[in-house]
Amino acid sequence: MILIGEKLNSSIPKTLEAFQAKDESAVVELIRRQADGGAQFLDINTAICGEAEQETLLWVIGLVKDNCDCGIMIDTTDPAVMAAGVQAAAGRGLILNSATITDRFEEVTQLARESGASVVGLPIDSEGMPHTAQEKCTKIDLLMGKLREAGIPDSRVYVDVLIETLATDGESAKNAIAALRHVAANYPDAQTTCGLSNISFGLPRRSLINSAFVSAALSAGLTSAILDPASPAMQAALAASRVVAGQDDYCMDYITYIRSQEEE
């Protein structure tokens, strides 16, 4: 599974504080910690920096390029900021987050065509966010059809199955699993993704819910997730989940992981 680090996000109070203070050492620590935890991409969202969103985004991209080899996910709803980020991130693997069926679609897909970047697609249209399994699958079909018409190959699409917390919707995990299976069956070349920890928002002992969900999601076809790759609980959950999902031949990665924990 492709691991996308979630910690360079201005919605996290400590991260926002570091961004606003231009605290290079704190941001570099977040970058290196996630890279060392196995992240292949780092999500960067500076939206809450307000008028300094673009300036801060470019600063953080520079720090990422100087301090790790991870690809970059540019996470913004402002197409102009995204375009500036694409230029700054040149030379790295790149994911644009995000376009919906109706919002930012033309701007983001044009940037993707020009840069070769992948696109996070949200199955949201003018009627809003889908909630049931049927709604998710129907809107995913609309999204994929439109992306294909725009010249974006399935292999460069990350379908976000839109995780909602179980605290307010007891069927959200089941509906997300159904959406994952739909993408795997009908668009096998496309990636799937989600903000994984959203599933447990507002609940106690969140790591227990996250661990259970990631195991089910991997088996259903989840191919990437935005998460904390340095979290010991998540590392353990991923190691076990890959075994259960049949993604770890002879359990070798799991055995290596357990031995590494015993040595510490």
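Per-atom-type breakdown for region 84-143 gives carbon and sulfur 48% of the accessible area (1.4 Å probe, protein chains only).
Scanning residues 5 or more positions from residue 72 or on other chains, those with amide H under 5 Å from its amide H are 42, 93, 94, 95, with H placed 1.01 Å from N in the peptide plane. Working from the Cα coordinates of region 31-82, the gyration tensor eigenvalues give, after taking √(5λ), semi-axes of 21, 10, 9 Å in decreasing order. Per-peptide packing, taken as the mean over residues of other Cβ atoms within 10 Å, places 205-211, 66-72, 117-123, 138-144 in the sequence 117-123, 138-144, 66-72, 205-211 from highest down.
Of the solvent-accessible surface of region 1-40, computed with a 1.4 Å probe and all protein chains present, 46% belongs to carbon and sulfur.
The base-10 log of I(q)/I(0) for region 107-264, evaluated at q = 0.11, 0.15, 0.21 Å⁻¹, reads -0.48, -0.84, -1.31 [Debye formula, identical scatterers on Cα atoms, solvent excluded]. Relative to the current alpha-carbon distance between residue 149 and residue 258, full extension at 0.36 nm per residue lengthens the span by 34.6 nm.
Legend: residues 25, 200, sorted from most to least accessible area (1.4 Å probe; ligands, DNA and RNA excluded), read 25, 200. If a/c stays under 1.5 just call it rounded; otherwise compare a/b with b/c (prolate if a/b is bigger, oblate if not). Do that for region 193-264, with a ≥ b ≥ c from the square roots of the Cα gyration tensor eigenvalues. Oblate, because a/c is 1.5 or more while a/b does not exceed b/c. Annotation: extensible slack from residue 20 through residue 107 equals 28.5 nm (criterion: 0.36 nm per residue apart, minus Cα-Cα distance). In plain terms, the chain from residue 203 to residue 66 could stretch by 45.6 nm, reckoned as 0.36 nm per residue minus the Cα-Cα distance. Each distinct pair of alpha carbons in the chain adds a 1/r term; the inverse of their mean, the Kirkwood radius, is 18.8 Å. How big is D for region 98-190, in µm² s⁻¹ as a whole number, if Stokes-Einstein is applied with the Kirkwood radius of its Cα pairs at 4 °C and 1.567 mPa s? Translational diffusion coefficient: 97 µm²/s.
The values are calculated or read from the model by the stated rules, or taken from the named source; none is laboratory data. All values derive from a computational prediction rather than experimental measurement. Counting neighbours? That spans all protein chains shown, and the Cβs are built from the backbone with ideal geometry, glycine included. We work out accessible area using only protein heavy atoms, side chains counted, and drop any ligands, DNA or RNA first. Shrake-Rupley method; radii C 1.70, N 1.55, O 1.52, S 1.80 Å.
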